[in-house]
Each structure stands twice: as C-alpha cells, then as structure tokens.
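What follows draws every value from the coordinates through simple rules; no lab data is involved. Computed from a prediction, not measured in an experiment: that's the story for all the values here. Glycine also receives a Cβ, built like all others from the backbone with ideal geometry; neighbour counts cover every protein chain displayed.
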Ligand SMILES: Cc1cc2nc3c(=O)[nH]c(=O)nc-3n(C[C@H](O)[C@H](O)[C@H](O)COP(=O)(O)O)c2cc1C
C-alpha cells in the first residue's frame, strides 16, 4: 500500500474509469475514510448513495435525463442522450450528500466543508489502493429535481458525484506546484 506522504503529494483525479470498481475490503476502507473527516460538533453531516451496476447507473442516468428536460424542454436528442450516459463513465458513482442541520449552532458552511472533506478522503483512500476517481458536480448536483428523485431531505446538498473505478490508462504524473507561489510567512 502506498505510504501516506506519497498519497498526499501525488494524488490526482482520473477521468477515464473502467471495471472493476472497488469492492469488499477496498470499498470498506473507502467508506471508513469518509467517516474519519473533521466534523465540528460531531454532527456527522454526511450521507452517501452508492450507485453501481449497470441498472443502477442507468437509473441515475434516467434521472439526469429527466433533469436535463426540466432544465431545457427543447433539448436536442443528442444532448439528452449525453445526459443519460453521464453516470456510465465509471462502474461506480457515489453520491456524496451533506445532510445539513440548520438548527445547529455549527454554521451550514462548516457542515458542507465536512462533507466535502469526506469526498476527498474517499478519493484518497481509492487512490492509495490503486483505484481512480473523479469528483464531479455540475448542474445535476444543484437541481431540486435530482435531489427529490434521490429522496434527499430538504436541507440536504449534493457536494459531489464521486466517480470510481480502475484507471483505464496510466494517468501521467503532473509536476508539483511550487509552494512559494501559495505560502507566505506572516
Ligand atoms: C467541488 C468540486 C467539483 C468538481 N466538479 C467537476 C465537474 O463537474 N467536472 C469536472 O470535470 N471536474 C470537476 N472537478 C474537478 C476535478 O474533480 C479534478 O479535481 C480536476 O480535474 C483536477 O484534477 P486533479 O484532481 O487531478 O488535480 C470538481 C472539483 C471539485 C473540488
């Protein structure tokens, strides 16, 4: 298994993903990583829907297609089919949800940040085990129709669709950025 510093300094996304998706122990570790993130007030403001297998991915694609029609009733057939095919870009998509509690004294943006950390944690756990992933959002993450179709609560937010699988090709390493461009002494 990759060491932690190598993971943290070389992690990258992978847009082209094929079977197999993480299963068994590998998936369990990814789930554990999601639940280990900073969480102000221990609100546990995260929920996850695992979409895997052709028929479940197609169901998600149908939701995207219906949402696309709602967004633009005159959408072309090509664009409609493109929307339907989106989830089929990987063998697994995890819908990452911030289950925000608006009654809590913890600000909503902190709850969202915690949920976002869980997406990153899952990406790292996948990467460390040789799997690839890509964090995606887009308009479907924002649309009420999508949230309702996924039976999310009123205060829930979709912070990402984490596409997961095996990298289709080896992703070339990007050169590291220069910390001096971003860090300064105070
Ligand atoms: C909140 C969030 C949403 C994103 N949504 C998309 C998206 O919808 N489509 C996309 O191509 N990349 C999206 N990205 C960017 C990719 O996940 C990825 O970070 C980017 O391609 C850079 O690659 P890297 O992770 O290897 O640095 C998003 C990133 C974040 C943090």
- [ ] List every residue pair whose Cβ atoms sit under 6 Å apart, with the two residues 6 or more apart in sequence or on different chains, where the first one lies in the range 137-156 and is under 25 Å from residue 104 (Cα atoms) and the second, anywhere, is outside any loop (DSSP other than H, G, I, E, B) and more than 16 Å from the ligand (Cβ to nearest atom).
- [x] 156/99
Open item on the list: Between a residue in the range 9-29 that is touching a residue at least 40 places away in the same chain (Cβ under 8 Å) and any residue that is in a helix (DSSP H, G or I) and surrounded by fewer than 17 Cβ atoms within 10 Å (Cβ to Cβ), which pairs come within a Cβ distance under 6 Å, given they are 6 or more apart or on different chains?
Closed with: none
Open item on the list: The conditions are (1) in a loop (DSSP other than H, G, I, E, B); (2) closer than 12 Å to residue 11 by Cβ, and residue 103 fails exactly one of them. Which is it?
Closed with: (2)
Open item on the list: Taking the conditions exactly as written (loosely packed, with under 11 Cβ neighbours inside 10 Å, under 21 Å from residue 8 (Cα atoms) and within 14 Å of the ligand (Cβ to nearest atom)), does residue 162 satisfy them or not?
Closed with: no
- [ ] Keeping to the range 137-153, report how many residues are within 11 Å of the ligand (Cβ to nearest atom) and surrounded by 18 or more Cβ atoms within 10 Å (Cβ to Cβ).
- [x] 1
